[in-house]
1. For the stretch 181-205, which residues satisfy the criterion of being basic (Lys, Arg) and part of a loop (DSSP other than H, G, I, E, B)?
2. In the list Lys189, Lys234, Lys205, Lys196, which residue meets the criterion of being modelled with pLDDT of 85 or more and surrounded by fewer than 18 Cβ atoms within 10 Å (Cβ to Cβ)?
3. Quick check on the stretch 137-180: of everything there that is assigned to a helix (DSSP H, G or I) and open to solvent by 80 Å² or more (accessible area, probe 1.4 Å), which residue is nearest to Glu121 (Cα to Cα)?
4. Hey, can you tell me all the residues within the stretch 206-215 that are part of a helix (DSSP H, G or I) and closer than 15 Å to Gln232 by Cβ?
5. Would it be correct to say that Leu46 is of a type in the set (A, V, I, L, M), part of a helix (DSSP H, G or I) and buried (at least 17 other Cβ atoms within 10 Å of the Cβ)?
6. Could you grab the pairs with beta carbons closer than 9 Å, sequence gap of 6+ or different chains, first residue in the stretch 60-80 and closer than 14 Å to Asn143 by Cα and at pLDDT 90 or above, second one among the polar types (S, T, N, Q) and open to solvent by 10 Å² or more (accessible area, probe 1.4 Å)?
7. Suppose we filter Leu64, Leu19 for residues that are within 11 Å of the chain's Cα centre (by Cα) and open to solvent by less than 10 Å² (accessible area, probe 1.4 Å); which single one remains?
Amino acid sequence: MFPLGKFRATRQASPYLRLSSMDVIYQQLPRFLIISAPAGYGKSALAQDVVHYWESEAIANVWLSLDARDADVGRFLSLLATGLSKLLNPDIDVSLATNPYYNADISLLTDSCVRLLNQIEAASGMYSLVLDEFHEVQSDALNRAFNMLLAYWPKNVALIITSRTTCTLKLSKHSLPEECQRVGLEQLKFNAQDVKKLLAGRGQKKVSLQWLEQVMAVTEGWPVAVQLASYQLKHGVDIALDDVQYQA
């Protein structure tokens, strides 16, 4: 039986700096959106903002929070089946939804997921499913099971994956080039204009060119470090020029 926190039909959006390089995602939600970067680059924050934006356009979402326990293929498929059930019926009792799947074998779990995917495809609505922290579960065995399901993936369900490592699912095999959008480290980095935009949003409209150059030199656009530098500026603390302190 899964903890209730594994499934989130809605998420409260936290403040997020919408980067101009991400505009295309808000113009057209891709069938597959893969966000890959190390910690501190705003992967989950971007996914959350995208979901919040498209929910306003009547695209229902279920968010699955993954951890190392979910790396077992049977457990992952159980989790996925339950998430798909919640897409069809957001009010479903998660513990009841889990019971039919959790102790089943992998072939039956796969069949259950395919049946649910077919039901969603026949529905009139649009949906999105987030698999957050996919690096916690990715393996050859799990990818083989998931790749089998991708052959049945409905056109009306956007799959959003966040991962600290490269996602190696065979998404391109089951999609047109324009249907799969990959966002990486370089696209998630802040540039100088992004830093100014962040500061302006926090009421810090005037910054010296020297401070901005120091921030870019030290952080190299790493979002979590940029925000730390912004916090230091707001509280009158000089930015640390030793990037080791930021890594710590």
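The values are calculated or read from the model by the stated rules, or taken from the named source; none is laboratory data. Everything numeric in this text was worked out from a predicted model, so none of it was measured. Every residue, glycine as well, gets a Cβ built from its backbone with ideal geometry; the counts of neighbours run over all protein chains shown. Heads up: the accessible areas ignore ligands, DNA and RNA and are worked out on the full protein's heavy atoms, side chains in. Shrake-Rupley method; radii C 1.70, N 1.55, O 1.52, S 1.80 Å.
1. Initial filter on the stretch 181-205 (basic (Lys, Arg)): 182, 189, 196-197, 202, 205.
Those that are basic (Lys, Arg) and part of a loop (DSSP other than H, G, I, E, B): Lys189, Arg202, Lys205.
2. On the way: Lys189 fails: surrounded by fewer than 18 Cβ atoms within 10 Å (Cβ to Cβ); Lys234 fails: modelled with pLDDT of 85 or more; Lys205 fails: modelled with pLDDT of 85 or more.
Sole residue among the options that is modelled with pLDDT of 85 or more and surrounded by fewer than 18 Cβ atoms within 10 Å (Cβ to Cβ): Lys196.
3. Let us first name the residues in the stretch 137-180 that are assigned to a helix (DSSP H, G or I), namely 140-150, 171-174, 177-179.
If we keep only those that are open to solvent by 80 Å² or more (accessible area, probe 1.4 Å) too, we end up with 140, 144, 148, 172-173, 177-178.
On the way: Asp140: 27, Arg144: 22, Met148: 17, Ser172: 20, Lys173: 19, Pro177: 21, Glu178: 20 Å.
Applying the filter and picking the extreme gives Met148.
4. Going residue by residue through the stretch 206-215, those that are part of a helix (DSSP H, G or I) are 209-215.
Of everything in the stretch 206-215, those that are part of a helix (DSSP H, G or I) and closer than 15 Å to Gln232 by Cβ turn out to be Gln210, Trp211, Leu212, Gln214, Val215.
5. Values: of a type in the set (A, V, I, L, M): yes; part of a helix (DSSP H, G or I): yes; buried (at least 17 other Cβ atoms within 10 Å of the Cβ): yes.
For Leu46, the condition - of a type in the set (A, V, I, L, M), part of a helix (DSSP H, G or I) and buried (at least 17 other Cβ atoms within 10 Å of the Cβ) - is met.
6. From the stretch 60-80, the pairs are Ala71/Gln138; Ala71/Ser139; Val73/Ser139; Gly74/Asn103; Leu77/Thr110; Leu77/Ser112.
7. Details: Leu19 fails: within 11 Å of the chain's Cα centre (by Cα).
Exactly one of Leu64, Leu19 is within 11 Å of the chain's Cα centre (by Cα) and open to solvent by less than 10 Å² (accessible area, probe 1.4 Å), namely Leu64.
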